[in-house]
Amino acid sequence: MLIFGTLHLVALALGAVLFIMFLRSDNAEGHEPGEEDEGGGGGSDRISDTPKTSPSGGIPLPDAEPAPVRLRGHERLADLLPKPERRRVTEPQPARRRVTT
């Protein structure tokens with residue numbers, strides 16, 4: 001029962017800390033209200049006017065190669081892949097005849 005009560009007290013303490021942080025964020029002093037004369041339009045400020053010179057996302061991954069088979073038709077995947085070579089089967093040695101004397 002002691003562990004159960006301790007866990008509840010820890011949860012209540014964390015909840016109280018989160019609640020206090022929520023109340024303090026409403027009247028944060030570092031927040032500046034937006035100006036009314038920004039030009040309007042409601043556009044996205046993420047879009048830049050200049051075109052990108054290089055693709056984003058970093059270097060291409062080494063395993064970014066196309067698949068060897070494309071599944072666009074009604075064929076089965078087993079029909080599109082090459083057949084593996086069969087292993088050679090060695091014939092068993094003929095059984096020796098027993099000689100009875």
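Quick rundown of the values:
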item	result
Cβ pairs under 8 Å, 6+ apart, first in segment 78-101 and assigned to a loop (DSSP other than H, G, I, E, B), second modelled with pLDDT under 85 and open to solvent by 100 Å² or more (accessible area, probe 1.4 Å)	Leu81/Pro68
Some residue of segment 55-73 being in a helix (DSSP H, G or I), among the basic types (Lys, Arg) and modelled with pLDDT of 70 or more	no
Residues that are more than 35 Å from the chain's Cα centre (by Cα) and at pLDDT below 90, drawn from segment 3-25	Leu23, Arg24
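The values are calculated or read from the model by the stated rules, or taken from the named source; none is laboratory data. From a predicted model like this one, the values you see are computed outputs, not experimental measurements. FYI the Cβ positions are ideal-geometry reconstructions off the backbone, even for glycines, and counts take in every protein chain you see. Please note that ligands, DNA and RNA were not included when accessible areas were found on the heavy atoms of the full protein model with its side chains. Shrake-Rupley method; radii C 1.70, N 1.55, O 1.52, S 1.80 Å.
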